[in-house]
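Comments concern the structure below.
No value in this document is a laboratory result; all are computed from the given coordinates. As the structure is a computational prediction, the values presented were derived from the model and not from experiment. Cβ: placed from backbone, ideal geometry, glycine included. Neighbour counts: every protein chain shown.
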Amino acid sequence: MKVFVTGGAGYIGTHTLLQLLAAGHELCVFDNFSNASPVALTRVRQLSNRDFDLVEGDIRDAATLRHALADFAPDAVIHFAGLKAVGESNDKPLLYYENNVTGSVNLLAAMDAAGCRRIVFSSSATVYGEAQYLPFDEDHPIAPTNPYGRTKAMVEGVIADWTKATPNASAVLLRYFNPVGAHESGRIGEDPRGIPNNLMPYIAQVAAGRREKLSIFGDDYPTRDGTGERDYIHVVDLAAAHLAALEYAASKTGCEAINVGTGQATTVKELVAAYERASGRSLPVEVIARRSGDVASSCAATAKAADLLRWRSEFGVDAMCESSWRWQSGNPHGFAGD
Ligand code: NAD
Ligand code: UD1
């Protein structure tokens, strides 16, 4: 299959490229490198021993996007490109609406012009907002609590409307829970710019000695040990879900939202302990106040993914931490080390 991959140079994108290339797909990556390094793509080429097209461009630039899609003539699109920092989205909402929403509208218009009718979209469990019940199933009400989450909910709606209006169109909206970990080679992984916002990359930098200690945001939640619990999903499992979604989209028309998680929740303290085991280092922590906007617990209902995509996660938290540590310890400064 010919697959056009927006945001393919990023964290989840690069892990998915490796599996797409291994499965024999022909690829075109479209990325503006606003949150990625070309070195990551060099490493994907090395690891896979395969090549692919690359267009350096911005999904906000409708003309460039239209030309790139028309030239490549894909069978399907995987749409990773977007901004993802919740805090930044509060400060710069219009930047988020422009990148994530306008960019996605441009993409669908370019797909229309190129006659491409299949899309797999990177959505997020953040669309559910505060849990009314757990685990979150796909019918849980959608009530995002920040601009980033609202861009994801809006794009889901735009894609659903597009599939209704476009004969034979097919879309899968993958609602990721908390992606962590790295490829087993330790050659690609998450490379956040500046101070990491998310737990696992922060822990990794503490283990590597780049940060002094982890601040645990609250230990008075109604969970096993009082710290927040999340459904962490290995990025390699998540990548595999995209291949399953592509196959599903090729076999059906319409639009489906599908959770991608493990169904298991892990607390902050449990993740720290797992990382200590994986790295063989003891990690200094300090409990501070809750982070505003955080929820106690999040966890995926996984039946729909198993049923429609025939996909289930394979890896547990220990494998997530081991692979993260292999990447972190081998690349203490991420891709900037090259
Ligand atoms: P990432 O930042 O590593 O990857 C996103 C890629 O998109 C980057 O390579 C970036 O350079 C590119 N990009 C951003 N804006 C662009 C634009 N306007 N034009 C072209 N390229 C652009 O992030 P990721 O973690 O790989 O996430 C991929 C997708 O999954 C995003 O849409 C994100 O919102 C979504 N998602 C991520 C998580 C997570 O925790 N990582 C969770 C849920 C959903
Ligand atoms: C974040 C995003 C969310 C996104 C999700 C997916 C925020 C506010 N929300 O949420 O939109 O869908 O990632 O990846 O960024 N923690 C600490 N210390 C830290 C960092 C985190 O104790 O330094 C705790 C948090 O309180 C939480 C857990 O670790 O309990 C996970 O945090 P994080 O990795 O930021 O993920 P989410 O809160 O799920």
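Observations on the model:
- If you take the alpha carbon atoms of the stretch 192-328 and fit the smallest convex hull around them, that volume is 130 Å³ per residue.
- Cα→Cβ-extended label distance, 7 Å offset, between Leu308 and Glu56, nm: 3.7
- For the residue pairs Lys92/Lys269; Lys252/Lys304; Lys2/Lys92; Lys92/Lys152; Lys2/Lys84, the C-alpha atoms sit more than 24 angstrom apart in Lys92/Lys269; Lys2/Lys92; Lys2/Lys84.
- Evaluating 6.51 cos²θ - 1.76 cosθ + 1.60 at θ = phi - 60° for every residue in the stretch 318-334, the Karplus couplings come out as 4, 5, 4, 5, 4, 5, 4, 5, 4, 5, 5, 6, x, 9, x, 10, x Hz, glycine and proline recorded as x.
- Three-way shape call for the stretch 1-91 based on the alpha-carbon gyration tensor, with the a/c threshold at 1.5: oblate
- For the stretch 285-338, the square roots of the Cα gyration tensor eigenvalues, ordered a ≥ b ≥ c, give a/c of at least 1.5 with a/b no greater than b/c, which places it in the oblate category.
- With a cut-off of 14 Å on the backbone N, no residue of the stretch 302-336 is near the modelled label site 7 Å out from Arg45 along Cα-Cβ.
- Taking a point 7 Å from the Cα of Ser34 along the Cα-to-Cβ direction, the residues of the stretch 77-98 with backbone N closer than 19 Å to it are 78-98.
- Close amide-amide hydrogen proximity is noted between Ile216 and Glu286, Val287, Ile288, each under 5 Å apart and 5 or more residues distant or on a separate chain (H modeled in the peptide plane; Pro and chain starts excluded).
- The Cα center of the stretch 291-338 and the Cα center of the stretch 193-268 differ in position by 5 Å.
- Note on Ala165 and Ala289: their simple-model spin labels are 4.6 nm apart, each label 7 Å out from Cα toward Cβ.
- For the stretch 77-205, taking the reciprocal of the average inverse distance between every pair of different Cα atoms yields a Kirkwood hydrodynamic radius of 16.1 Å.
- Whole-Å distance, taken between Cα centres, linking the stretch 3-81 and the stretch 158-182: 17
- Note, ³J(HN,Hα) from phi for the stretch 96-107, Karplus 6.51, -1.76, 1.60, rounded to Hz, x at Gly and Pro: 6, 5, 5, 5, 7, 8, 4, x, 6, 5, 4, 5
- For Asn259, distant residues with modelled amide H under 5 Å away: Arg175, Ala305
- Ranked by the mean number of other Cβ atoms within 10 Å per residue, highest first, peptides 310-323, 111-124 order as 111-124, 310-323.
- Two numbers describe the Cα atoms of the chain: Rg and Dmax, which are 19.1, 57 Å.
- Point-to-point label distance, Ala336-Thr102, nm (Cα→Cβ direction, 7 Å offset): 2.9
- Report summary: the helix-based calculation at 222 nm, which adds -39500 (n - 2.57) for every DSSP H run with n ≥ 4 and divides by the residues of the chain, gives -11500 deg cm²/dmol.
- Those aspartates and glutamates that a straight Cα-Cα span of less than 18 Å connects to Lys213, excepting residues fewer than 8 apart in one chain: Glu270, Glu276, Glu286
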